[in-house]
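Participant: I have a structure here, written as structure tokens, and I will follow up with some questions on it.
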Amino acid sequence: MSPSSTALQASRHHVRVGIIGGGAAGVATCKGFLDAFNAAGYKRRGSGDDQTFDIDVFEKYGTVGGVWDYKERVGSTSPTTKTIPMYRSLRTNLPREVMSFSSYPWNLLPSAEGRSYITHSEVGDYLKSYSHRMGVNQYIKSNSEVEKIQFDESSPSSGKIIVQTSSTTSTYDHVVVCNGHYESPSVPPSLLPLSTAYGSSSFHSVEYDSGEDEKWRDKTVLCIGGRASGTDIAREISCVARKVYVSERGAAVEGWPGREKVEVVGGTVGLDESDSERGVLLEDGRVLKDVDVVIFCTGYDYSFKFLPPEVGVKFEKGERR
Ligand SMILES: Cc1cc2nc3c(=O)[nH]c(=O)nc-3n(C[C@H](O)[C@H](O)[C@H](O)COP(=O)(O)OP(=O)(O)OC[C@H]3O[C@@H](n4cnc5c(N)ncnc54)[C@H](O)[C@@H]3O)c2cc1C
């Protein structure tokens, strides 16, 4: 996004911008506003100039990076429940060359070596470095989770927006929502009986951390969902597990070359209610009876808990797949 400098010029002398989220989208949005304010001749508030601006980037964790900030975020959650989708062993599924911002190619980063498919910590370092080099860091409000935003009803014609965290209330001319879409793990309602039957032997992919864990050893694991997470997790676990099923609706049912322990099966209908063996019923009528662990790689729902209904953002649960 690149806010136009003419639009900013036409507005009032002091412009306040709030950005919700300090991931890739949030830091890039902040840089876009900084460029536009510079082009329009605005100075940061406190400079004594006639035309000034303020930007606050609200980030609920301690540093920028969003999903790529694995180290701090895993460290900040309970050791038993991991609540961020990034996992220890992840490498990018796109080459870094197509993941970089045009104003900050990878070769400007001193540590960047030749590999294209890089680790999550390399992407995290890149985003932190970008934020530092582009002057975004000084606008970050760390450990500030936005709980509510609303239009300023005391002055409806002003179009101003009030942003609340647990400890602050501030008013802005523009608010940009960059909160990502990995806050709300989703399991389709039809699969919940399966989750109940498997109890602590079932979980959502958000809790997955590494395929090298001994807990997979000699287990038969069913990954429900055969997209990016499901296939990557299945590939990793298959190094240790006895067998891994990858269940994907309408999938071509075939094995993976070099991964004999992985079997791709069709979509999962749910728990097989015909006996008490917690079998898993597939869409072709087959029942898997040897599953030890179920991983729901079934994605996330959109979540904008802080937005007021007047904004009109509507979505169905399970819509985002
Ligand atoms: C496991 C995994 C692997 C991926 N691999 C790739 C890949 O290889 N290549 C690729 O291009 N993309 C990949 N992605 C996609 C990734 O989502 C994008 O690369 C990018 O990081 C999205 O950035 P974002 O800023 O939109 O969201 P996020 O990175 O999710 O950042 C959102 C930020 O908003 C903050 N936030 C949320 N709510 C609030 C609130 N109420 N108040 C304050 N702050 C809030 C969060 O703490 C977070 O820091 C992957 C994603 C995952 C989960």
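Participant: By how many degrees, between 0 and 90 and to the nearest 10, does the Cα long axis of helix 228-237 differ from the longest principal axis of the chain?
Facilitator: The angle comes out near 50 degrees.
Participant: Can you spot the lysines whose alpha carbon is less than 21 Å from Lys289's alpha carbon? Ignore those fewer than 8 places along the same chain.
Facilitator: Once the sequence-local lysines are set aside, what remains near Lys289 is Lys215, Lys219, Lys243, Lys261.
Participant: Using alpha carbon centroids, what distance separates segment 150-212 and segment 29-66, in Å?
Facilitator: Rounded to whole Å, the Cα centres lie 25 Å apart.
Participant: Considering only DSSP beta bridges with both partners in the chain, what is the antiparallel share in %, to the nearest 5?
Facilitator: 35 percent
Participant: Starting from the Cα of Met99, step 7 Å along the direction of its Cβ; do the same at Ser116; then give the gap between the two resulting points in nm.
Facilitator: Simple spin-label model gives 1.3 nm for this pair.
Participant: Let me ask something else about it. Would you mind counting up the charge near Gly66? Only other residues with Cβ under 12 Å from its Cβ, with Lys and Arg at +1 and Asp and Glu at -1.
Facilitator: Cβ neighbours under 12 Å give a net charge of -1.
Participant: Among DSSP beta bridges whose residues both lie in segment 5-177, state the antiparallel percentage, nearest 5.
Facilitator: 40 percent
Participant: Follow-up question, since we're still on this one. Just subtract the alpha-carbon distance of Glu153 and Lys71 from 0.36 nm times their residue separation and send over the number in nm, one decimal.
Facilitator: That works out to 25.4 nm of additional length.
Participant: Still on this structure, please answer the following. What FRET efficiency comes out for Gln138 versus Arg249 if R0 is 45 angstrom and r is the Cβ-Cβ distance? Round to the nearest 0.05.
Facilitator: For Gln138 and Arg249, the calculated efficiency is 0.45.
Participant: Moving on. Which of Asp292, Asp69 has the fewest other C-beta atoms within 10 Å, and how do the rest follow up to the most?
Facilitator: Asp292, Asp69
Participant: Is the chain best put as rounded, prolate or oblate by its Cα gyration tensor, with a ≥ b ≥ c the root eigenvalues, rounded for a/c under 1.5, and otherwise prolate when a/b is larger than b/c, oblate when not?
Facilitator: Because a/c hits 1.5 or more and a/b exceeds b/c, the chain counts as prolate.
Participant: Follow-up. Among the listed pairs Lys160/Lys317; Lys31/Lys60; Lys31/Lys317, which are separated by more than 22 Å between their Cα atoms?
Facilitator: Pairs exceeding the cut-off: Lys160/Lys317; Lys31/Lys317.
Participant: Another question about this same structure. Could you bin all the Cα-Cα distances of segment 5-177 into 5 Å bins starting at 0 and give me the percent of pairs in each, rounded to whole numbers?
Facilitator: 1, 8, 15, 17, 17, 15, 10, 8, 5, 2, 0, 0
Participant: For Ala228 and Asp49 in the same chain, what is the full-extension length gain: residue separation times 0.36 nm, less their Cα-Cα distance, in nm?
Facilitator: Gain in length upon complete extension: 59.5 nm.
Participant: Quick query: amide H of Tyr245 versus all other amide H atoms, modeled in the peptide plane; which residues come in under 5 Å with a sequence gap of 5 or more or a different chain?
Facilitator: Val221, Leu222, Cys223, Glu263
Participant: In segment 95-177, what GluC sites (Glu not before Pro) fall in a loop by DSSP, with at most 11 other Cβ atoms inside 10 Å?
Facilitator: Of the GluC sites (Glu not before Pro), the ones in loops of segment 95-177 whose Cβ has at most 11 other Cβ atoms within 10 Å are Glu113, Glu153.
Participant: Explain nothing, just compute: Karplus ³J(HN,Hα) = 6.51 cos²θ - 1.76 cosθ + 1.60, θ = phi - 60°, for every residue of segment 159-170 in order, whole Hz, x for Gly and Pro.
Facilitator: Result, ordered by residue: x, 6, 10, 9, 10, 10, 10, 5, 10, 9, 9, 9 Hz.
Participant: Go ahead and run the numbers for FRET between Leu192 and His13, Cβ-Cβ distance against an R0 of 51 Å, rounding to 0.05.
Facilitator: Once the sixth-power term is evaluated, E becomes 0.40.
Participant: With a Förster radius of 22 Å, plug the Cβ-Cβ distance of Asp290 and Ser210 into 1/(1 + (r/R0)^6) and report the FRET value to the nearest 0.05.
Facilitator: Once the sixth-power term is evaluated, E becomes 0.40.
Participant: Full extension from Glu316 to Glu277: what is 0.36 nm times the residue separation minus their Cα-Cα distance, to one decimal in nm?
Facilitator: 10.7 nm
Quick note: the coordinates plus some simple rules give every number you see, no bench work behind them. What you are looking at is a predicted structure, and each value in this text was computed from that prediction instead of being measured. Cβ coordinates were reconstructed from backbone atoms using ideal geometry, including for glycine residues, and neighbour counts include every protein chain displayed.
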